[in-house]
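See below for the structure under consideration.
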Amino acid sequence: MLVLGIETSCDDTGVALYDADALHRRSAGLLSHALHSQVSMHAEFGGVVPELASRDHIRRVLPLVRQVMAETGRQVHDLNGIAYTQGPGLAGALLVGASIGNAMAYALGIPAVGVHHLEGHLLSPLLSGDPPKLPFIALLVSGGHTQLLQVKDIGRYSLLGETVDDAAGEAFDKTAQLLGLGYPGGPAVSRLATQGNPLRFKLPRPMLNSSDLNFSFSGLKTAVLTALRQSPGDEQAYADLAAAAEAAIVDVLATKSLAAMDSTGIDELVVAGGVGANSRLRQRLSREAGIHGFAVHYPELQFCTDNGAMIAFAGAMRLRRVYPRDTSFTVRARWALEELEPIV
Ligand code: KG4
Ligand code: ZN
């Protein structure tokens, strides 16, 4: 079963081709994937401009489809299904992928399936050569979400905790903005942090010891701003603040992940979403895994941030079980993972 995946929920246009019959090794099923990042287009505005994002997706999707087809020597007539991101995300951006995906599927007489963007992120580690075993705990950390989930099976998720305000990625992005590092902030803060001392500034770790598995990151921005105003304005202060902010975010994410493993007794942890690319988070969780005796899995770096491969894969998992016949479609800017139909 050959599935084309289309991701257009935010500022990356991702397209991929996945062969669901290569299930002896899931990672072998990914035949080709291509990505166009809009980062440089949005950079001058300091964040994603939704209307510009939608218009750029329109320009990019079909050339990327042609590219993945050409790379694999397949024709669109070889396709058995099309998966597109149905939500959550920017409504206009989602509509581009949904419209093109459904139009192609209708023209080819094959099914189209709408994929939950976060399910794509959650399942992306299954594309690696060392996939996690089910059930696992997932720390989902992206620009818009920070959640701890119990993944009982593919399609069966329960929310253990989430942020009550900003997402971890947002905390990185806002810190970057304050430090004049531009957008998107995560990688820039992380790079600058390598030259800083994380102990010079004491930043808060809200809800670290709360009895639940929820997070709060909105206070960090204020704390960084206050520290910046009080510091003598030396260049080193910027690097030290980047290091302190990164340490605070990583500390909270790691502590809550450990608490989730403890309370459920599950010993497999998966880290997914853009912030999962953060090397200090990876180092910390790998160290904790060694100490506490659990396994931790990360998607390949290229599949941590938004991409078409995770959508093609999650869509293929759904299309193997269900054959959607309805040709009407909609997108969902907001959509809870727990509302998904179980696959098995
Ligand atoms: O999953 P993603 O690509 O898009 C969303 O669905 O939101 O995540 C984007 C987020 C941004 O906030 C970005 O700053 C953050 O992931 N990010 C990072 C790193 N790479 C991306 N944060 C920290 N360290 C990184 N290396
Ligand atoms: Zn994402």
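General remarks:
- Ranked order, His77, His33 - accessible area, probe 1.4 Å, largest first: His77, His33
- Estimated [θ] at 222 nm from DSSP helical runs (n ≥ 4, -39500 (n - 2.57)) normalised by residues in the chain, nearest 500: -13500 deg cm²/dmol
- For the pair Asn197 and Gln283, the difference between a 0.36 nm per residue extended length and the Cα-Cα distance amounts to 29.3 nm.
- Dipole magnitude (debye, nearest 20) for region 27-184, charges at Cβ of Lys, Arg, Asp, Glu: 440
- Kirkwood analysis of the Cα pair distances in region 217-259 returns a hydrodynamic radius of 11.2 Å.
- Computed from label points 7 Å out along Cα-Cβ, the spacing between Glu235 and Thr264 is 4.6 nm.
- Computed 3J(HN,Hα) for region 38-45, one whole-Hz value per residue from the Karplus formula 6.51 cos²θ - 1.76 cosθ + 1.60 where θ = phi - 60°, is 8, 3, 5, 5, 8, 3, 5, 9, glycine and proline marked x.
- Dipole magnitude of the chain about its Cα centre (Cβ charges: Lys, Arg +1; Asp, Glu -1), debye to nearest 20: 180
- Taking a point 7 Å from the Cα of Ala295 along the Cα-to-Cβ direction, none of the residues of region 95-122 has its backbone N closer than 17 Å to it.
- For the pair Ala28 and Asp165, a Förster radius of 41 Å applied to the C-beta separation gives a FRET efficiency near 0.50, rounded to the nearest 0.05.
- Rough spin-label spacing in nm, given labels placed 7 Å along Cα→Cβ, for Tyr323 and Glu338: 3.4
- Where labels lie 7 Å past Cα in the beta-carbon direction, separation of Leu134 and Ala103 in nm: 3.6
- When a 1.4 Å probe is rolled over the protein heavy atoms, the share of accessible surface on region 109-160 that falls to carbon and sulfur comes to 47 percent.
- Of the DSSP H helices in the chain, those that are both long (alpha-carbon extent of 20 Å or more along the helix axis) and hydrophobic (Kyte-Doolittle mean at least 0.0) are 91-108, 235-264.
- Stretchable slack from Leu208 to Met41, in nm (0.36 nm times residue separation minus alpha-carbon distance): 56.4 nm
- With semi-axes defined as the square roots of five times the eigenvalues of the C-alpha gyration tensor, the equivalent ellipsoid of the chain measures 35, 23, 16 Å, largest first.
- For the set Thr72, Thr305, the ranking by accessible area, highest first and with no ligand, DNA or RNA atoms included, is Thr305, Thr72 under a 1.4 Å probe.
- In the chain, lysine pairs with alpha-carbon atoms under 26 angstrom apart (chain gap of 8 or more, or interchain): 9
- Computed about the Cα centre, the dipole magnitude for region 105-264 is approximately 80 debye when only Lys and Arg (+1) and Asp and Glu (-1) carry charge, each at its Cβ.
The values are calculated or read from the model by the stated rules, or taken from the named source; none is laboratory data. Fair warning: this is a prediction, and the values are worked out from it, not measured in the lab. All Cβ positions, even for glycine, are placed from backbone atoms using ideal geometry, and neighbour counts span all protein chains on display. SASA here: full protein model, heavy atoms, side chains in, ligands and nucleic acids out. Shrake-Rupley method; radii C 1.70, N 1.55, O 1.52, S 1.80 Å.
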